Amino acid sequence: MKTRAILTMTILAGIAWGVHAGAQEQQAVPQAKVYFTRDLSPEGLLKVYNKINSDITGKVAIKWHSGEPKGPNILPIPMVRALQSSIPNSALVETNTLYPGARQTTEQHRKTLETNGWTFCPVDIMDEDGTTMLPIKGGRHFTEMSMGKNILNYDSMVVLTHFKGHAFGGFGGSIKNIAIGCADGKIGKDMVHGLHGKKVEGNPYPATKAHLMEHMVESAKATMDHFGKKIVFINVMRNMSVDCDCAGITAERPRARDVGILASTDIVAVDQACLDLLDKLPEEEKHDLQERIGSREGEHQLEYGEDMGLGTRRYELIELP
C-alpha cells in the first residue's frame, strides 16, 4: 500500500526526523511532533508519555481497549499499569460494545475485566450510568454524538491505543480508539456504524469504507473538542494482527514484527506515522495488514481528519534513545 504522500527520513545528531508532505495548500501548516521509541517496555511507554503530558491535569481518563476475554494481542498489563500509576487521579475508561459478546453489558464487561487482569486500578465503564450528547462542529454527517455519560467527569484524557488492523475501519489507531471507544454501546456506536447516521433495517453495520471513516472522525472530534488541549495520543505498535482486539481469541496471528511506541499531541500525525512505519517493513510482514487497510479505505480517516481540523499529516518523527 502506498501512502498519499512521501515520508522522508534523515539522521541528525542520532535523532530520526520524518516529514510527511501534505497537499500543496497545506505546506504552511506547522509539522506536528511525533515521539518514537523502539523500547516496548513500561519504561519506553513512560519515556514517550513524558514528552507530551504537559497539559494533562486534574482527573484523568486513560482510554484503552479492554479486549475480549483472553485476547492474545491486548496491551500488556505491566505497561498499562506503569502508565496509570504514574498519572495522579487517573482511571482506565471504556464503554460497552454494540455487538453481542462478553462486553455488551456492564455486568459482562466487568467479568471480562477480571478475566483479562484489569483489576489493578479503577476502571470506569463510562456508559454504565447512561449517555450524554457532545457537539460536533462542522461535520458532514452529525451535529452531536452520544457518548458514555461519565466522560463528563474527567478534565483530561490520555488515549492509549494498541495499533492494529480492524475489520471495518481497516486499522485501529487513536482515531478509532476514541471514535468508537468513547461512544456509548447502545446509541453512539450505532450512530457511527450507521449509514449517514441512520439505522438500516436488517443491517446493524451499514456504513462501510469512506462513510464509516468520516463517521469515526466526526465522533473523535466530539471527544477532542470536549477536552481541548487536555488530550494526548499514544500508539503501541506490537502484536499487530489484521484484526481488532474485539476479535479476541479468533484474531489472526500477527505477521508484522513489533515496531515501537509513538506519542503525540496530534491525533492525525500519530496515526499517519504508524502507517508510514508499517510501510517500511518487509513486504511479507506488512502485506496482510496493508491489504486490510486499503480494502476498507482506512487512510480516509486521515484525509478527512485533516479536513475536519483534527490535526495534520505532516510531522517530525523524533526517535528517543
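A short reminder: the numbers here are calculations on the coordinates, not readings from a lab. Treat the numbers as computed from the prediction; the structure is a model and nothing was measured. We place every Cβ from the backbone using ideal geometry, glycine too, and count neighbours over all the protein chains shown.
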Which residue fluctuates most in the GNM of the chain (Cα springs below 10 Å): H65, H300, H287?
H287
Cross-link reach from K149 to aspartates and glutamates, straight Cα distance under 20 Å and at least 8 residues apart if same chain, gives E94, E107, D124, D127, E128, D129, D184, D190, E218, D225
What lysines could a cross-link reach from K47, if we take a straight Cα to Cα line under 21 Å and drop same-chain neighbours fewer than 8 places away?
K33, K63, K229, K230
Unpartnered cysteines of the chain (Cβ-Cβ under 4.7 Å counts as a partner)?
C121, C182, C274
Expected unfolding gain across K186-E43 under the 0.36 nm per residue rule, minus the alpha-carbon gap, is 47.8 nm
Mind checking which of M308, M216, M126 has the largest fluctuation in a GNM of the chain, springs on alpha carbons under 10 Å?
M308
From Cα pairs below 8 angstrom and at least 6 apart in sequence, can you work out the relative contact order of the chain, rounded to a whole percent?
27
Which of the lysines could a cross-linker span from K286 if the Cα-Cα distance has to be under 22 Å and same-chain partners fewer than 8 positions apart are dropped?
K2, K164, K176, K209
Report, in order of residue number, the helices in the chain meeting two criteria: a C-alpha extent of 20 Å or more along the helix axis, and a mean Kyte-Doolittle hydropathy of at least -1.0; treat each whole DSSP H run as one helix.
210-227
Which order do K47, K176, K189, K70 fall in if you start with the one that has the fewest other Cβ atoms within 10 Å?
K70, K47, K189, K176
Under a crude label model (7 Å from the Cα following the beta-carbon direction), how far is H287 from R257 in nanometres?
1.8
Can you give the extra length, in nm with one decimal, that the chain gains between D225 and N50 once fully stretched, where that is 0.36 nm per residue apart less the Cα-Cα distance?
60.7 nm
